[in-house]
Amino acid sequence: MDMAIRVPILLLLFLAFITPIFSLYEDQVGLMDWHQQYIGKTKQAVFHTQNTGRKRVVVSTEENVIASLDLRHGEIFWRHVLEPKDAVNGIEIALGKYVITLSSEGTILRAWKLTDGQMVWETYLPGNQQSKSLLVVPSNLKVEKDNLILVFSKGCLHGISSIDGEVLWKRDFAAESVQVQQVIQHLDNDIIHVVGFTGSSQFNAYQISLKSGELLKHESAVSPGGFAGEVSVVSSGILATLDASRKILVTIHFLDGEISFQQTYISNLVEGSLGMVMILPSVLPGMVVVKSDGLTIFMRVTDERKLDVVDKVNHAAAVSDTLSFSKGQQAFALVQHGGDEIQLTVKVVHDWNNDLLRESIKLDHHRGLVHKVFINNYIRMDKSQGFRALVVMEDHSLLLLQQGEVVWSREDGLASIIDVTASELPVQKEGVSVAKVEHNLFEWLKGHILKLKGSLMLASPEDVAAIQEIRLKSSAKSKMTRDHNGFRKLLIVLTKAGKLYALHTGDGRVVWSLLLQSLHKSQACEHPTGLNLYQWQVPHHHALDENPSVLVVGRCGPSAEAPGVVSFVDTYTGNELSYMSLAHSVTQVIPLPITDSTEQRLHLLVDVDNHVHLYPKTQEALGIFEREFSNIYWYSVEANNGIIKGHVLKSNCIGELDNGYCFDSRDIWSVVFPSESEKIIAAVTRKLNEVVHTQTKVIGNQDVLYKYLSNNVLFVATVSPKASGDVGSATPEESWLVVYIIDTVTGRILHRMTHYGSHGPVRAVFRENWIVYHYFNLRAHRYEMSVIEIYDQSRADNKDVWKLVLGKHNLTSPMSSYSRPEVITKSQSYFFTHSVKEISVTSTAKGITSKQLLIGTVGDQVLALDKRFLDPRRSINPTEAEKEEGLIPLADSLPIIPQSYVTHSLRVENLRGIVTVPAKLESTTLVFAYGVDLFFTRLAPSRTYDSLTEDFSYALLLITIVALIAAIFVTWILSERKELQEKWR
């Protein structure tokens with residue numbers, strides 16, 4: 001009986017002892033993955049710095065994010081990422097506890113709790129007319145009263161309750177064709193002034209009752225010079241604008257029952273010629289601010305309604321709105337650039353010579369110019385007034401400046417990544433000092449002794465903490481050199497701001513950043529736009545003295561006809577090796593699979609006139625290119641016109657473009673889709689650097705299928721014109737999806753299939769010989785994923801071993817893209833639960849490891865789905881041979897396994913792309929997902945079959961080996977003794 005009691009007690013004691021061992025593995029979180037949250041470029045900011053509660057700033061951004069940031073450290077208190085079509089138009093703080101936002105072109109008004117970001121109410125404001133969206137939240141709102149929030153949108157002015165968001169009244173201006181510019185509320189009475197333009201020359205002023213929305217008075221007047229459109233509020237009864245020619249500054253007085261115009265030639269105020277003049281929307285009481293060619297002019301409106309120039313400031317980057325501080329005074333901030341420094345000046349509006357603050361702050365020149373500035377005041381320890389400034393930079397970063405220093409900064413440009421490529425890290429240099437070796441050996445022994453104590457349940461809490469620290473250090477994930485497994489790399493990302501970042505895959509830190517000169521706004525390039533990143537130079541082992549570099553391609557404008565720009569950047573140092581503005585446009589970039597003696601990859605840049613330009617422009621590259629001249633084919637997709645064309649090189653360019661590196665092209669085929677029945681919505685092809693392990697697929701009955709692995713294959717998806725919109729825009733009878741597989745050398749259609757009653761959008765991925773695509777089935781009211789596999793039937797005779805022995809096979813017979821390929825396809829469709837934003841596929845070094853699809857779901861998470869589930873050969877009752885092959889029985893839906901979410905419980909808000917990079921270790925692939933947030937992890941689709949885990953105890957293995965050797969030695973001695981005793985008998 002005592003033994004029966006002791007056993008459970010001993011078991012409980014044993015479990016109590018082993019419990020701390022499990023806690024050792026908590027430090028694995030973050031070892032193989034990292035997640036970073038961003039908000040994007042700030043458009044508007046409102047400070048909340050009351051005496052009680054946390055000091056914060058609430059911002060809205062170009063990525064449709066509303067966020068509350070800690071003013072101490074810049075961390076995110078809370079954040080909401082709205083839908084892409086739900087852009088934020090205005091943001092204010094009401095009653096000291098609510099954040100009011102206007103979004104979706106003024107149709108959605110929301111109230112959020114300031115403390116935690118929970119939504120309080122939401123109001124929908126419908127309308128059809130396009131107009132400005134204006135949000136007016138009175139500063140004198142009182143908690144106990146139902147005050148009004150004013151919203152102008154879709155041609156209507158709304159009076160909305162601040163308590164529950166109910167629309168109390170509505171005034172329609174759409175019928176009067178008035179383009180409303182400003183809504184002005186007077187704090188001393190219940191009258192609203194609504195001002196705007198009819199046509200290009202008539203000014204209108206309306207007086208409206210705040211309580212009822214009733215029209216009290218309407219006045220209008222015509223200005224002979226017309227209006228440019230932008231309006232600046234000088235005071236409650238005075239506006240300023242430019243005339244249609246932008247040479248005359250017009251002040252408009254609309255109080256006292258009459259409208260009058262005062263015109264002043266800008267040339268009379270400023271000597272010399274000015275370029276394009278624009279009026280700044282900054283609200284400075286009694287002042288007008290205009291800007292032209294880097295010159296900012298401040299003018300005061302006198303009591304005689306005249307304009308006096310107060311100051312002219314060169315290199316002024318940004319002017320803030322006014323800020324009310326002690327005793328009713330008003331101040332604003334002015335930022336000027338000077339070398340590597342910016343000068344922040346805070347002035348009193350009505351006393352220009354009184355500078356409340358004047359500081360110089362040194363900033364990294366790779367942040368570019370200051371785009372916006374927002375100011376806030378605080379009380380210093382000595383009871384004097386202090387000011388802090390929130391600054392938005394050209395690279396979309398956000399900085400808080402206070403007391404001449406950068407308090408914190410956020411790299412929010414990373415929220416707008418447009419392209420990604422990977423680069424290797426430098427090789428670790430040989431030659432290590434003896435002291436370092438001894439130190440490393442001591443640390444190694446110490447670490448394994450501690451791990452051994454942990455394995456034997458002898459570790460103290462201090463030892464457990466030391467083990468965790470050693471594990472983090474031993475992972476070596478943040479070293480700036482290559483590792484033998486290929487886990488440590490640099491992710492080179494290009495952002496919308498024209499800035500390059502190098503992110504370390506170990507911990508996601510920014511190794512270097514560079515604001516590209518080629519994508520910097522200038523007189524020669526007014527609207528630079530980054531397009532893509534390409535591997536330019538990837539040195540191999542025989543050329544390791546050269547650093548790898550990337551090619552950045554952009555253009556000087558949003559249209560395809562704009563001239564192109566290129567930059568070449570060293571990925572180790574982040575230095576811009578060179579950049580150039582091109583004399584031609586760039587519509588397509590074709591990386592060629594050939595390099596010169598310096599490992600520079602040859603690229604073809606195609607312009608809008610289908611001229612082809614070779615880079616690098618060297619005689620060696622030209623010689624290599626001319627040898628491959630007749631083997632170069634490419635295609636172009638004109639989605640709007642429904643045309644796909646194939647091209648080939650013809651001859652050198654004629655005329656001004658003839659520099660030896662320009663070539664004409666000609667069309668060799670075209671596929672025209674009928675516009676009344678089909679519209680192109682997707683076109684994908686294989687990755688150029690894809691590694692394929694085997695050209696065959698051995699099926700269960702030992703038969704062999706040859707994969708069709710041509711690089712010149714294009715997958716195209718078209719839908720009926722009515723089905724090209726959102727889901728539900730067409731009936732099942734009006735919608736269909738047609739998919740094509742086209743040979744891009746000959747233009748032949750290898751395969752065509754129609755899905756009736758199906759709808760876009762289509763997300764597709766093309767790897768090896770298979771294509772997976774996702775769409776919506778209107779008849780089944782569910783999403784579907786289909787797979788197509790292509791096999792080469794012309795090589796079926798090669799399976800005969802005797803033909804191979806006798807030399808009668810056709811493996812060595814010449815192949816031509818012009819001969820009609822004998823291909824067969826296998827396809828299957830499955831239901832899928834989620835809507836999909838992006839599809840990618842894992843990639844490994846040798847292509848041996850099984851594939852997984854990485855699916856970016858509508859919930860902004862990444863799901864890993866085994867490719868075996870999308871095998872078109874799946875059947876309901878697989879044969880024994882098919883079961884041995886690993887074929888999964890057929891089901892109508894694809895499984896969603898919660899443990900298969902690569903991002904775990906995290907979200908990559910506004911997910912836009914998933915990039916996979918092979919590691920040197922064949923079992924492992926690196927996955928990088930980007931949107932507003934960033935996420936990186938390592939993935940092993942077939943588990944880590946070729947390596948030991950990082951938690952493997954080498955010390956325990958060594959002790960086990962020593963113990964075994966000692967046991968063998970002891971047993972040998974005992975055996976010898978026993979044998980000797982046997983002989984003596």
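Restricting ASP364, ASP355 to residues that are surrounded by 13 or more Cβ atoms within 10 Å (Cβ to Cβ), of a type in the set (Asp, Glu) and over 35 Å from the mean Cα position of the chain (by Cα) narrows the list to ASP355.
Please list, ordered by residue number, the strands (runs of 3 or more DSSP E) wholly in the stretch 131-231 having 3 or more residues that are of a type outside the set (A, V, I, L, M) and not assigned by the TED database to the domain that holds ARG110. Walk me through it before giving the result.
Numbers: elements: 134-136, 148-153, 156-161, 167-172, 179-185, 191-198, 202-209, 215-222.
Answer list for the stretch 131-231: 179-185, 191-198, 202-209, 215-222.
Of the strands (runs of 3 or more DSSP E) lying entirely inside the stretch 312-357, those containing at least 2 residues that are in contact with an Asp or Glu (Cβ under 8 Å, 6 or more places away or on another chain) span 341-348. On inspection, PHE298 qualifies as within 18 Å of LEU242 (Cβ to Cβ) and crowded, with 17+ Cβ neighbours inside 10 Å. Within the option set VAL250, VAL277, VAL270, VAL290, being under 19 Å from HIS193 (Cβ atoms) and either β-branched (Val, Ile, Thr) or within 45 Å of the chain's Cα centre (by Cα) (or both) holds for one residue only, VAL250. Could you say whether any residue in the stretch 2-24 is modelled with pLDDT under 95, under 25 Å from LEU934 (Cα atoms) and either in a strand (DSSP E or B) or not assigned by the TED database to the domain that holds SER139 (or both)? No, the stretch 2-24 contains no residue that is modelled with pLDDT under 95, under 25 Å from LEU934 (Cα atoms) and either in a strand (DSSP E or B) or not assigned by the TED database to the domain that holds SER139 (or both).
Does LYS383 qualify as being modelled with pLDDT under 85, out of contact with any strand residue (DSSP E or B) (no Cβ under 8 Å at 6 or more places or on another chain) and not in a loop (DSSP other than H, G, I, E, B)? Criteria not met by LYS383. Among residues of the stretch 309-336 that are closer than 16 Å to ARG358 by Cβ, those with a Cβ under 7 angstrom from a residue that is among the small types (Gly, Ala, Ser) and open to solvent by 30 Å² or more (accessible area, probe 1.4 Å), sequence gap 6+ or separate chain, pair up as HIS315/GLY294; HIS315/GLY338. Scanning the stretch 137-162 for residues that are at pLDDT below 90 and within 13 Å of GLN182 (Cα to Cα) turns up just one, GLY155.
In a strand (DSSP E or B), open to solvent by 30 Å² or more (accessible area, probe 1.4 Å) and modelled with pLDDT of 85 or more, is that true of VAL511? Against the criterion (in a strand (DSSP E or B), open to solvent by 30 Å² or more (accessible area, probe 1.4 Å) and modelled with pLDDT of 85 or more), VAL511 qualifies.
Would you confirm whether any residue within the stretch 888-905 is at pLDDT below 90 and buried (at least 18 other Cβ atoms within 10 Å of the Cβ)? For the stretch 888-905, residues at pLDDT below 90 and buried (at least 18 other Cβ atoms within 10 Å of the Cβ): absent. When the residues of the stretch 268-295 are filtered to those that are open to solvent by 60 Å² or more (accessible area, probe 1.4 Å) and closer than 16 Å to VAL250 by Cα, the one that is modelled with the lowest pLDDT is PRO281.
All conditions but one from (1) under 30 Å from GLU526 (Cα atoms); (2) modelled with pLDDT of 90 or more; (3) surrounded by fewer than 19 Cβ atoms within 10 Å (Cβ to Cβ) apply to GLU620; the one that does not is (1).
The set of residues in the stretch 556-589 that are surrounded by fewer than 18 Cβ atoms within 10 Å (Cβ to Cβ), over 24 Å from TYR635 (Cα atoms) and aliphatic (A, V, I, L, M) comprises LEU577, MET580.
Figure legend. Inter-residue proximity from the stretch 621-646: first residues over 17 Å from THR685 (Cβ atoms), second residues basic (Lys, Arg), beta-carbon distance below 7 Å, spacing 6+ or different chains. Indicated pairs: GLY642/LYS679. Condition check for CYS653 on (1) of a type outside the set (Phe, Trp, Tyr); (2) touching a His at 6+ places or on another chain (Cβ under 7 Å); (3) free of Cβ contacts under 8 Å to residues at least 24 places away in the same chain: one failure, at (3).
Identify, from the list THR825, THR879, the residue that is surrounded by fewer than 20 Cβ atoms within 10 Å (Cβ to Cβ), at pLDDT below 95 and touching a Phe, Trp or Tyr at 6+ places or on another chain (Cβ under 8 Å). None of the other options fit; the residue is THR825. In summary, no strands (runs of 3 or more DSSP E) completely within the stretch 690-781 bear 3 or more residues that are among the acidic types (Asp, Glu). Examine the stretch 631-640 for a residue that is loosely packed, with under 13 Cβ neighbours inside 10 Å, part of a loop (DSSP other than H, G, I, E, B) and either assigned by the TED database to the domain that holds ARG686 or under 29 Å from the mean Cα position of the chain (by Cα) (or both), and state whether such a residue exists. Within the stretch 631-640, one or more residues are loosely packed, with under 13 Cβ neighbours inside 10 Å, part of a loop (DSSP other than H, G, I, E, B) and either assigned by the TED database to the domain that holds ARG686 or under 29 Å from the mean Cα position of the chain (by Cα) (or both).
Could you please let me know if LEU964 is of a type in the set (A, V, I, L, M, F, W, C), open to solvent by 30 Å² or more (accessible area, probe 1.4 Å), more than 23 Å from the chain's Cα centre (by Cα) and within 30 Å of TYR773 (Cα to Cα)? Judged against the criteria, LEU964 is not a match. Each residue in the stretch 337-352 was checked for being open to solvent by less than 40 Å² (accessible area, probe 1.4 Å), within 16 Å of PRO285 (Cβ to Cβ), free of Cβ contacts under 8 Å to residues at least 40 places away in the same chain and not aliphatic (A, V, I, L, M), and 1 pass.
The values are calculated or read from the model by the stated rules, or taken from the named source; none is laboratory data. This structure is a prediction, so every number in the text was calculated from the model and none was measured. When we count neighbours, we look across all protein chains shown, and the Cβ atoms used for this are built from the backbone with ideal geometry, even at glycine. Areas reflect the complete protein model, heavy atoms only, side chains present, ligands, DNA and RNA absent. Shrake-Rupley method; radii C 1.70, N 1.55, O 1.52, S 1.80 Å.
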